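Structure first, then comments.
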Amino acid sequence: FVCPVCGHKVEVDYGFLYHQMEGHYMIYYVGQEDVEQTKETLASAKSDDFLSKFAEGYTYRIVISKQQLLDKLNIFDSGYDDRIVEIMKLLVLLQHYEENAVQNVDEMFYHKNKDGSDGFVLFSNRAYICDVTVSNELYEILAEHYLPVLGESNAEYIIDQEWARNVPLFRRHSLLRSST
């Protein structure tokens, strides 16, 4: 926003719904304080007969940062299930910690490399650490193993590293336990 009087510029950050009709997904970008209300709104809409028919086959997600929104868009635009990609991120994280025990990773984002391979960008304290490329077969292997046991992709609205840490394979691993 630019003040018409003094010309001072300030970034205005407000929530919105990103709706991708072709991909059948909706991503709600909200502030942390609005997450619970957004979950309730989605649950209510799912129980409404008319709205549930409109939204059949859609995937819904809630994100609280622009980086998370872009990450979800990259994942869905690649035709991937974000739950599998979050599991992939944990495998990359485990490898990173084995090789770089002192370097903490705060954030990790998915991207498709120019050659078509899957990649992740790792950050610590908002500073770039490195890019990691993984085999495209990793997604297929994980999807084959986990999709049958994970169930409907729309059962939960927040799919992130915290969610992935609670997938049975990772629940026991001490490096991946939540700090909360």
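The values are calculated or read from the model by the stated rules, or taken from the named source; none is laboratory data. The structure presented is a predicted model; accordingly, all values stated were derived computationally and were not measured. Don't worry about glycine lacking a Cβ; one is built from the backbone with ideal geometry, like all the others, and counts go over all protein chains shown. When the accessible area is computed, the model is the full protein with side chains, heavy atoms only, and any ligands, DNA or RNA have been set aside. Shrake-Rupley method; radii C 1.70, N 1.55, O 1.52, S 1.80 Å.
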#### Entry: Single match in Gln37, Gln20, Gln67 (criterion: out of contact with any Leu (no Cβ under 7 Å at 6 or more places or on another chain), at pLDDT 90 or above and closer than 21 Å to Glu107 by Cα)
Gln67
### Message
Within the stretch 145-161, does at least one residue satisfy the condition of being open to solvent by 50 Å² or more (accessible area, probe 1.4 Å) and part of a strand (DSSP E or B)?
### Response
no
### Query
Right, Val132: assigned to a helix (DSSP H, G or I), surrounded by 12 or more Cβ atoms within 10 Å (Cβ to Cβ) and modelled with pLDDT of 90 or more or not?
no
### Message
For the stretch 97-120, which positions are out of contact with any Gly (no Cβ under 8 Å at 6 or more places or on another chain) and basic (Lys, Arg)?
### Response
Lys114
### Task
Tell me which residues, restricted to the stretch 1-20, are among the hydrophobic types (A, V, I, L, M, F, W, C) and under 19 Å from the mean Cα position of the chain (by Cα).
Phe16, Leu17
### Task
Scan the stretch 92-116 for residues that are in contact with a Leu (Cβ under 8 Å, 6 or more places away or on another chain), aromatic (Phe, Trp, Tyr) and at pLDDT 90 or above and jot them down.
Phe109
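Results for (1) touching a His at 6+ places or on another chain (Cβ under 8 Å); (2) surrounded by 13 or more Cβ atoms within 10 Å (Cβ to Cβ), shown as yes or no for each residue.
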position: Gln37; (1), (2): no, no
position: Ala43; (1), (2): no, no
position: Tyr58; (1), (2): yes, yes
position: Gln68; (1), (2): no, yes
position: Lys72; (1), (2): no, yes
position: Ile84; (1), (2): no, yes
position: Leu91; (1), (2): no, yes
position: Asn100; (1), (2): no, yes
position: Leu142; (1), (2): no, yes
